[in-house]
Amino acid sequence: MARCLALRESFRVSVWQPNDNNIFFVRFTPDLSRCAPGVFVTGGGAEYAVDAEGHILAKR
C-alpha cells in the first residue's frame, strides 16, 4: 500500500477556481484501483489553496 501511495499515478488531481481572484484550489485524492483493485481508502488526500504564482496559501 505504501509503495502504491508513493506513485503519482495513484492520485486523481482536480483544480478549480471559484471566482476571478487568482486563487486556485487543488485536490489530491487517492485512487488505488491501478495498483490494488478493490482497495478503498478513507480520509486520504489533501486540498490546497494556491495563488497564481504557485504559492501555497492554505492546506486542508
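Observations
- Under 13 Å, Cβ to Cβ, from Ile23 - net charge with Lys/Arg +1 and Asp/Glu -1: -4
- Whole-Hz Karplus values for region 24-35 come out as 10, 10, 10, 10, 10, 10, x, 9, 8, 4, 6, 10 Hz, taken residue by residue from phi with 6.51 cos²θ - 1.76 cosθ + 1.60 and θ = phi - 60°; glycine and proline positions read x.
- Distance cut-off 15 Å, percentage of C-alpha pairs in the chain lying past it: 54
- When the solvent-accessible area of the chain is split by element, carbon and sulfur atoms take up 53 percent of it, the probe being 1.4 Å.
The values are calculated or read from the model by the stated rules, or taken from the named source; none is laboratory data. Fair warning: this is a prediction, and the values are worked out from it, not measured in the lab. Note that each Cβ is placed from the backbone with ideal geometry, even for glycine, and that neighbours are counted across all protein chains shown. Only protein heavy atoms, including side chains, enter the accessible area calculation; ligands, DNA and RNA are left aside. Shrake-Rupley method; radii C 1.70, N 1.55, O 1.52, S 1.80 Å.
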